[in-house]
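Peer 1: Structure incoming, see below.
The values are calculated or read from the model by the stated rules, or taken from the named source; none is laboratory data. None of these values were measured; they are calculated from a predicted model. All Cβ positions, glycine included, derive from the backbone under ideal geometry; neighbour counts span all protein chains shown. The accessibility values were calculated without ligands, DNA or RNA, using every heavy atom of the protein model including side chains. Shrake-Rupley method; radii C 1.70, N 1.55, O 1.52, S 1.80 Å.
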Amino acid sequence: MKQRLLFLGAPGAGKGTQASLLCRQQSLLHLSTGDLLRAEVSAKTSLGLEAEAVMNEGGLVSDSLVLSIVQKKLNNLQGGWILDGFPRTLVQAHALEDLLEKINQPLEAVLLIDVNDEFLIQRLLSRGREDDSESVIRKRIEVFQEKTSPLVDYYSKRGLLEIVNGEGDIGEIASRIEICLS
Ligand code: AMP
């Protein structure tokens with residue numbers, strides 16, 4: 001099974017859930033920039049304070065802030081891993097490509113978890129996270145379309161893209177993902 005992976009998908013597509021499951025099952029490292037940023041916010045670090053307002057509004061934290069948080073983690077990568085929620089912009093994708101080249105650990109696959117917008121909104125509303133009010137959810141989906149969806153084409157051109165249908169129950173989607181990555 002492929003072991004150096006990137007999960008791509010709109011907010012609520014199930015990236016975090018599926019990445020956690022697969023990481024546990026295959027002993028991979030789960031690197032979620034959302035989790036890293038939330039940890040900075042709870043610890044009230046200067047980076048956390050800088051990121052908090054943008055996160056609450058459903059916008060994207062600046063590329064330089066995100067890169068400063070992930071850089072060290074990426075330099076120490078070994079074994080298998082899943083990147084979840086990073087990269088989210090083309091600038092981040094280029095930075096990632098350079099970093100992975102330096103450590104000689106190229107991506108093996110990019111998995112797009114594909115879910116339609118109305119389904120996403122319903123799923124996010126039922127999740128009830130603090131940054132999940134309906135207007136913020138709509139904003140996060142818009143931001144995904146505008147800033148992150150160009151990555152689909154970017155990775156497709158590099159021959160790395162796999163697409164999986166993200167609607168259904170968790171186990172069913174996990175099986176589809178395993179087949180895609182085998
Ligand atoms: P997530 O848990 O992946 O949905 O991320 C929660 C929030 O953290 C997002 O709505 C963004 O504000 C911020 N965030 C997470 N990852 C990134 C990233 N790679 N680039 C910019 N902002 C990010």
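Peer 1: Taking 0.36 nm per residue of sequence separation and subtracting the Cα-Cα distance, how much length would be gained by fully extending the chain between Asp153 and His94, in nm to one decimal?
Peer 2: Full-extension gain reported as 19.9 nm.
Peer 1: What whole-number volume per residue, in cubic angstrom, does the convex hull of the C-alpha atoms of region 1-118 give?
Peer 2: Hull volume normalised by residue count: 113 Å³.
Peer 1: Gln71 to Ser20: FRET efficiency via 1/(1 + (r/R0)^6), r the Cβ-Cβ distance, R0 22 Å, to the nearest 0.05? Numbers along the way, then the final one.
Peer 2: On the way: r = 23 Å, r/R0 = 1.04.
FRET efficiency, Gln71 to Ser20: 0.45.
Peer 1: Once you have the Cα-Cα distance between Glu146 and Met1, take 0.36 nm times their residue separation minus that, and quote the gain in nm to one decimal.
Peer 2: 49.0 nm
Peer 1: Follow-up question, since we're still on this one. How long are the semi-axes of the equivalent ellipsoid of region 143-182, defined as square roots of 5 times the Cα gyration tensor eigenvalues? Whole Å, largest first.
Peer 2: 23, 15, 5
Peer 1: Inverting the mean 1/r over all pairs of different Cα atoms, compute the Kirkwood radius of region 105-157 and quote it in Å.
Peer 2: The Cα-based Kirkwood calculation yields 12.7 Å.
Peer 1: Only bridges whose two residues both fall in the chain count here: according to DSSP, what percent of them are antiparallel, nearest 5?
Peer 2: 0
Peer 1: In whole Å, how far is the Cα centre of region 131-178 from that of region 64-114?
Peer 2: Result: 16 Å between the Cα centres.
Peer 1: Taking region 16-81, which trypsin sites (Lys or Arg not before Pro) meet the DSSP loop condition and have no more than 10 other C-beta atoms within 10 Å?
Peer 2: Those satisfying the criteria are Lys44.
Peer 1: Among Asp114, Asp63, Asp169, which one shows the biggest mean-square fluctuation in a GNM of the chain, springs joining Cα atoms closer than 10 Å?
Peer 2: It is Asp169.
Peer 1: Could you state the accessible area per residue of the chain in Å², with a 1.4 Å probe and every protein chain left in place?
Peer 2: Per-residue value: 50 Å².
Peer 1: D for region 48-112, whole µm²/s, Stokes-Einstein with Kirkwood Rh over alpha-carbon pairs at 37 °C and 0.692 mPa s: what number?
Peer 2: 254
Peer 1: For Lys102 and Ser27 in the same chain, what is the full-extension length gain: residue separation times 0.36 nm, less their Cα-Cα distance, in nm?
Peer 2: Here the segment from Lys102 to Ser27 would lengthen by 24.6 nm.
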